[in-house]
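Read through the structure below, which is laid out as structure tokens, and then see the notes.
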Amino acid sequence: MPRFHTFLLLGAGRLITCLSLFQQNSIGPRSWERATSIQRSLLLVSPKTHSQFKYFATTSSDNELNDSIKLKEEDDYGLSKTERELRESALHRYLTILGIDAEDLRDAVQKATTTMVGNDPYYGKSAIKAYRTFIYPRPSKLDSIRGEDVEIAASRCARQIDFLAKRNRSHQAEWVRHHDQSDEVVKNRKLFPLVVLLDNVRSAFNVGSIFRTADACGCSMVITTGITPTPFGNGREKLAKSALQADRIVPSKHFITTKEAIQYLRDEHSGFCLIGMETTEKSICYTKEVYPGQGEFTVNGKFPEYGTVLILGNEVTGVDTEILPLLDKIVEIPMFGTKNSLNIAACAPVVMYEILRQWGAMNELSDESETTDHIY
């Protein structure tokens with residue numbers, strides 16, 4: 001009967017559990033296959049440290065087992081030494097083209113893996129992980145990796161590392177505002193009395209983009225109707241990809257029909273002006289319209305008396321013709337080309353920022369910036 005031994009080792013700043021299978025006199029092929037399977041499933045160590053510990057499965061009476069172990073040492077994580085060197089050489093070549101010191105990055109990866117100094121702040125955790133994953137891929141990915149051209153894969157990985165390192169340095173630089181505000185700031189911020197109503201918009205990506213614009217503009221709410229994808233309903237996965245979590249920040253409501261949504265607004269927020277965006281004979285240029293709500297704010301979910309609701313329609317049919325007569329005003333963006341309109345996700349921010357401009361939001365932002373020190 002085989003005996004199991006568990007070895008607990010501390011290496012590269014992590015706890016490694018290696019399970020080795022022994023037999024008193026000899027070990028057969030099936031037992032070796034079982035031992036290898038168990039060890040691979042429990043292996044938590046990096047490939048480099050993995051080769052140093054060499055499975056800890058040795059026996060004085062079984063030369064066949066020792067030969068098998070040597071074979072495993074030459075094939076860490078399924079890639080041969082030649083394959084790893086080829087991938088590393090190709091990756092370093094493309095990293096150099098992008099202006100990245102490949103040797104310095106390799107040293108940073110080595111230190112992050114084998115010492116307690118952590119990840120180099122110049123590259124960051126994600127870039128270091130991308131490098132390691134390319135050189136030491138997971139066993140489950142070997143078939144697809146070997147079927148892909150190394151040069152193409154190396155070029156793609158180098159560009160990914162370049163982006164991840166730049167993103168990390170951008171986050172490290174506090175004066176570059178590429179990171180989101182804290183939860184506390186989001187919770188306590190003032191919202192403008194601007195509501196966006198989406199009338200049967202089809203594309204989840206468009207809806208997600210509008211949610212992100214709504215967050216950027218400090219909108220009080222996004223209302224969805226009909227087939228429009230919602231943050232907690234159908235299409236939420238695609239919506240979330242373009243919303244980048246803005247769908248979790250901006251309050252939203254969904255109604256079965258647009259008429260129900262309009263009735264809700266008339267009953268609960270009667271002082272809000274309903275303005276549709278559509279190209280009709282009655283439409284006026286969006287810059288010539290006056291939008292109610294200046295000087296008003298939504299605080300702790302409580303809407304002010306006056307505000308503006310912007311209604312956007314389906315990508316193909318626009319705002320429903322039965323809904324247009326129920327609105328207070330209709331605006332449009334002038335077209336100087338051959339097409340009749342812009343994509344809904346492109347035209348929404350144009351009008352939304354015009355509303356904020358009229359409300360003096362840009363002036364307020366300029367006044368705040370004058371009292372803040374900037375680094376140029």
Would it be correct to say that Met277 is at pLDDT 90 or above and surrounded by fewer than 16 Cβ atoms within 10 Å (Cβ to Cβ)?
no
Is there any pair linking a residue in region 135-152 that is over 11 Å from Glu83 (Cα atoms) to one that is in a helix (DSSP H, G or I) and open to solvent by 70 Å² or more (accessible area, probe 1.4 Å), with Cβ under 8 Å and at least six apart or on different chains, and which?
Pro139/Arg40
Out of all the residues in region 286-293, is one or more of a type outside the set (Ser, Thr, Tyr), in contact with a helix residue (DSSP H, G or I) (Cβ under 9 Å, 6 or more places away or on another chain), surrounded by fewer than 20 Cβ atoms within 10 Å (Cβ to Cβ) and closer than 17 Å to Val350 by Cα?
yes
Could you tell me which numbered condition Cys273 fails, if it satisfies all but one of (1) more than 20 Å from the chain's Cα centre (by Cα); (2) without any contact (Cβ under 8 Å) to a residue 12 or more places away in the chain?
(2)
Picking from Lys282, Lys259, the residue that is open to solvent by 40 Å² or more (accessible area, probe 1.4 Å), within 20 Å of Gly226 (Cβ to Cβ) and in contact (Cβ under 8 Å) with a residue 24 or more places away in the chain would be Lys259
Does Gly233 fit the bill of being within 16 Å of Val207 (Cα to Cα) and either open to solvent by less than 10 Å² (accessible area, probe 1.4 Å) or not in a helix (DSSP H, G or I) (or both)?
yes
Regarding Ile223, is this residue touching a residue at least 12 places away in the same chain (Cβ under 8 Å), exposed (fewer than 14 other Cβ atoms within 10 Å of the Cβ) and in contact with a strand residue (DSSP E or B) (Cβ under 8 Å, 6 or more places away or on another chain)?
no
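Tell me, which residue of region 100-120 that is assigned to a loop (DSSP other than H, G, I, E, B) and in contact (Cβ under 8 Å) with a residue 12 or more places away in the chain is most open to solvent (accessible area, probe 1.4 Å)? Don't jump to the end; show me each part of the working.
Of the residues in region 100-120, the ones assigned to a loop (DSSP other than H, G, I, E, B) are 100-101, 115-120.
Now narrow it down to the ones that are in contact (Cβ under 8 Å) with a residue 12 or more places away in the chain: 100, 115-116, 120.
Working: Ile100: 23, Thr115: 53, Met116: 156, Asp120: 50 Å².
It comes out as Met116.
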Criterion (at pLDDT 85 or above and under 27 Å from Leu105 (Cβ atoms)) met by exactly one of Arg212, Arg202, Arg138:
Arg138
Quick count over region 321-339, residues being closer than 17 Å to Cys285 by Cα and surrounded by 11 or more Cβ atoms within 10 Å (Cβ to Cβ), is 9
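Being open to solvent by 20 Å² or more (accessible area, probe 1.4 Å) and not in a loop (DSSP other than H, G, I, E, B) is the filter here; which residues of region 311-320 pass it? Reasoning before the result, please.
Looking only at region 311-320, we keep the residues that are open to solvent by 20 Å² or more (accessible area, probe 1.4 Å), and these are 314-317, 320.
The one that is open to solvent by 20 Å² or more (accessible area, probe 1.4 Å) and not in a loop (DSSP other than H, G, I, E, B): Asn314.
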Which of (1) of a type in the set (Phe, Trp, Tyr); (2) more than 22 Å from Val109 (Cα to Cα); (3) at pLDDT below 95 is the odd one out, the single condition Phe163 does not satisfy?
(2)
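Take Tyr123 and decide whether it is within 26 Å of the chain's Cα centre (by Cα) and either of a type in the set (Asp, Glu) or at pLDDT below 95 (or both). Break it down stepwise before answering.
On the way: within 26 Å of the chain's Cα centre (by Cα): yes; either of a type in the set (Asp, Glu) or at pLDDT below 95 (or both): yes.
The answer is yes for Tyr123.
Quick check on region 295-303. Is at least one of its residues over 17 Å from Cys219 (Cα atoms), in contact (Cβ under 8 Å) with a residue 24 or more places away in the chain and crowded, with 17+ Cβ neighbours inside 10 Å?
No: zero hits.
The values are calculated or read from the model by the stated rules, or taken from the named source; none is laboratory data. Since this is a predicted model, take the numbers as computed values, not measurements. With ideal geometry, Cβ positions are generated from the backbone for all residues, glycine too; neighbour counts draw on all protein chains shown. Ligands, DNA and RNA are excluded from the accessible area calculation, which covers all protein heavy atoms including side chains. Shrake-Rupley method; radii C 1.70, N 1.55, O 1.52, S 1.80 Å.
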